Every structure is written in structure tokens, then in C-alpha cells.
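The values are calculated or read from the model by the stated rules, or taken from the named source; none is laboratory data. Owing to the predicted nature of the structure, the values given are computational and were not obtained by experimental measurement. Virtual Cβ from ideal backbone geometry, glycine too; neighbours counted across all protein chains shown.
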Amino acid sequence: MIYERVADPEPAVVLVVDDDAFVGRAVACILHEARQAQVYLARTADQALPLATAVCPDLILTDVQMPGMTVLELCLGLRAGPSTWDTPIYLLTGVLSGNRSLESLAQYVQGVLSKPPDPVELVAIFDRVCG
């Protein structure tokens, strides 16, 4: 009888964009420990756009309020990119989801997570998108 080794699946790639290093590391730790995700961190949207193009993430989690490029500009840039046009984007924010400033983003994102993120909710989103 011949047995064939089945290769381990590639880990899902997640891009976390947040100027708060603590939040970024916390999200990365949760996703890596729970699902062995390969997590990339960007501190600004300006850093995130070329990084997203380079790593082709399966999921993007981004803060709403960051210095430099706005999150709307980031979303537009991601939706225009050939490797990121359909990547699910979730907002990670302390701003309440009913806030009018988030309404302009609704067509570009799949959902909103509050900060600090609930680990159970974060992993559930990861499983839904990457599972």
C-alpha cells in the first residue's frame, strides 16, 4: 500500500492596519495563536497599500482614524488593485457603528469590529472569510 503525504495547507494571510501598535499586535497574536494566520502589520494606510499588493492578504482589518491617507482612500486603492479588489475588509474602530462617518465606507467593507476586538468575534470573522 502506498501512502502519500498531504501537504499542510498554506496559512491564511491577514493584513492589520492600525496606528496603535498594541491593538495591531493583539489582533496578530489572537489570529496567529488561534488559527496560525500569517499576519502583517502596517501602522498607516500609506504603508498598507503597497504591503497589501505585495502579500495579497485573504483578509484586511483596518482602523478608521489614522494619520496620512484616510481609510476611504485606502479602501478605494485596495478596490482598484488587481490583487486586492475583492479582499474582504473589516473596520477595526472605537467609533460606534452607527456613526455617520462610517456610512461612506459601507460599500467597501464587509463589517465593523469594535476596539478592543472581542477574540471570539475576531476568530469567527477569520473563520468565515478564510475557513
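General remarks:
- Among the candidates LEU41, LEU78, the residue that is touching a helix residue (DSSP H, G or I) at 6+ places or on another chain (Cβ under 7 Å), closer than 17 Å to TYR108 by Cα and at pLDDT 95 or above is uniquely LEU78.
- Any hit, the stretch 103-115, residues being of a type in the set (A, V, I, L, M, F, W, C) and part of a helix (DSSP H, G or I): no
- For the residues THR70, THR87, the requirement of being out of contact with any strand residue (DSSP E or B) (no Cβ under 8 Å at 6 or more places or on another chain), surrounded by fewer than 20 Cβ atoms within 10 Å (Cβ to Cβ), among the polar types (S, T, N, Q) and in contact (Cβ under 8 Å) with a residue 12 or more places away in the chain singles out THR70.
- With respect to (1) touching a strand residue (DSSP E or B) at 6+ places or on another chain (Cβ under 6 Å); (2) not in a helix (DSSP H, G or I), the lone exception for VAL129 is condition (2).
- Residue tally, condition under 13 Å from the mean Cα position of the chain (by Cα), surrounded by fewer than 21 Cβ atoms within 10 Å (Cβ to Cβ) and among the aliphatic types (A, V, I, L, M), over the stretch 50-63: 2
- Test: GLN36 is without any contact (Cβ under 8 Å) to a residue 40 or more places away in the chain, among the polar types (S, T, N, Q) and surrounded by 15 or more Cβ atoms within 10 Å (Cβ to Cβ): no
- The stretch 62-93, residues that are polar (S, T, N, Q) and in a loop (DSSP other than H, G, I, E, B): GLN65, THR70, SER83, THR84, THR87
- Meets criteria (surrounded by 12 or more Cβ atoms within 10 Å (Cβ to Cβ), over 11 Å from the mean Cα position of the chain (by Cα) and of a type in the set (Phe, Trp, Tyr)) for TYR108: yes
- Residues considered: LEU15, LEU31, LEU41. Of these, the only one that is in contact with a Lys or Arg (Cβ under 9 Å, 6 or more places away or on another chain), surrounded by 15 or more Cβ atoms within 10 Å (Cβ to Cβ), outside any loop (DSSP other than H, G, I, E, B) and not polar (S, T, N, Q) is LEU41.
- Test: LEU102 is more than 21 Å from GLN38 (Cβ to Cβ) and more than 15 Å from the chain's Cα centre (by Cα): yes
- Set ARG128, ARG35, ARG79: member being of a type in the set (D, E, K, R) and within 14 Å of VAL13 (Cβ to Cβ): ARG35
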